[in-house]
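Working notes for the structure below.
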Amino acid sequence: MIRSIALELENTLNRQLPLLCAIPETVMLFKPSAEKWSKKEVVGHIIDSAQNNIRRFIVGQYESEPKIIYNQDKWVSLGCYQQYDLSDLVSLWWLLNKHICNILRYMPEEAAMRKCETAELHTIEWLAQDYIKHLQHHMHLVLDLEPVAYP
């Protein structure tokens with residue numbers, strides 16, 4: 001199951017990368033309001049989510065039910081994604097997500113059943129599936145695709 005999740009993520013990335021690369025910088029920089037994230041900042045949020053999920057997927061394999069949470073608004077603000085070079089931002093998004101694919105692809109199935117706490121306690125497998133839903137939700141907004149519901 002965990003390998004199929006890795007494949008699903010990889011397929012999602014391969015579909016989204018050319019679409020993401022085609023968005024002009026001016027569109028990526030636009031902020032609908034001072035309180036809302038630009039598309040660049042939304043990509044930054046996915047980068048932050050990838051970093052925190054990498055930690056969950058690795059630490060969850062060797063620690064007993066680690067609690068790994070983060071303040072998403074602080075991370076986006078302090079990550080300065082609005083000022084990031086767009087090509088570098090997309091490359092970082094791509095590489096972190098490819099790293100997640102690699103971690104999941106080689107994770108033993110029994111390790112995927114270990115648990116990690118975010119707001120609640122979940123298996124690594126559940127967190128990996130949730131990560132893809134989260135990524136698709138945000139990237140569909142960035143790419144102006146059909147919305148994907150996410151809790």
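Among the lysines, which have Cα under 25 Å from the Cα of Lys115 when same-chain residues fewer than 8 positions away are ignored?
Lys67, Lys98, Lys133
On the protein heavy atoms, probe 1.4 angstrom, tell me the percent of accessible surface of segment 1-140 carried by carbon and sulfur. Can you show the working numbers first?
Details: 3960 of 7190 Å².
That share works out to 55 percent.
In a GNM of the chain with a 10 Å cut-off on Cα contacts, which of Ala34, Ala111, Ala22 has the highest mean-square fluctuation?
Of Ala34, Ala111, Ala22, the most mobile in the Gaussian network model is Ala34.
Straight-line reach from Lys36: which aspartates and glutamates have Cα under 18 Å away, leaving out those fewer than 8 places along the same chain?
In chain and number order, the partners are Glu25, Asp48, Asp73, Asp144.
Please determine, in degrees from 0 to 90 and to the nearest 10, the orientation of helix 39-62 with respect to the longest principal axis defined by the Cα atoms of the chain, where the helix direction is its Cα long axis.
Once rounded, the angle reads 10 degrees.
Counting only heavy atoms of the protein chains, get the accessible area per residue of the chain (1.4 Å probe) and round it to a whole Å² value.
Values: 8080 Å² over 151 residues.
Heavy-atom accessible area per residue stands at 54 Å².
For the full complex of protein chains and a 1.4 angstrom probe, list Thr26, Thr123, Thr12 by accessible area with the highest value first.
Values: Thr26 105, Thr123 35, Thr12 0 Å².
Solvent-accessible surface, decreasing: Thr26, Thr123, Thr12.
Using a Förster distance of 35 angstrom, determine the FRET efficiency expected from the C-beta separation of Arg3 and Val27, and round it to 0.05. Could the numbers behind the result be given before it?
Working: r = 36 Å, r/R0 = 1.02.
Using R0 = 35 Å, I get an efficiency of 0.45.
What value in Å³ per residue do you get for the convex hull of the alpha-carbon atoms in segment 4-147? The partial results should precede the final answer.
Numbers: hull volume 15.3 nm³, N = 144.
Per residue, the Cα convex hull of segment 4-147 comes to 106 Å³.
Helix-only estimate, please: 222 nm mean residue ellipticity of the chain, summing -39500 (n - 2.57) across DSSP H runs of length 4 or more and dividing by its residues, to the nearest 500. Don't skip to the answer; put the middle values down first.
Values: 7 runs with 100 residues, N = 151.
Roughly -21500 deg cm²/dmol at 222 nm, from the helical runs in the chain.
What's the ranking of 81-88, 95-102 by average number of surrounding C-beta atoms within 10 Å, highest first? Walk me through the numbers before you get to the answer.
Values: 81-88: 14.2, 95-102: 17.2.
Most protected by this proxy first, the peptides run 95-102, 81-88.
The values are calculated or read from the model by the stated rules, or taken from the named source; none is laboratory data. Since we're looking at a predicted model, the values are computed, not measured. Cβ atoms come from the backbone with ideal geometry, glycine included; neighbour counts cover every protein chain shown. Side chains are part of the model used for accessible areas, which takes the heavy atoms of the whole protein and leaves out ligands, DNA and RNA. Shrake-Rupley method; radii C 1.70, N 1.55, O 1.52, S 1.80 Å.
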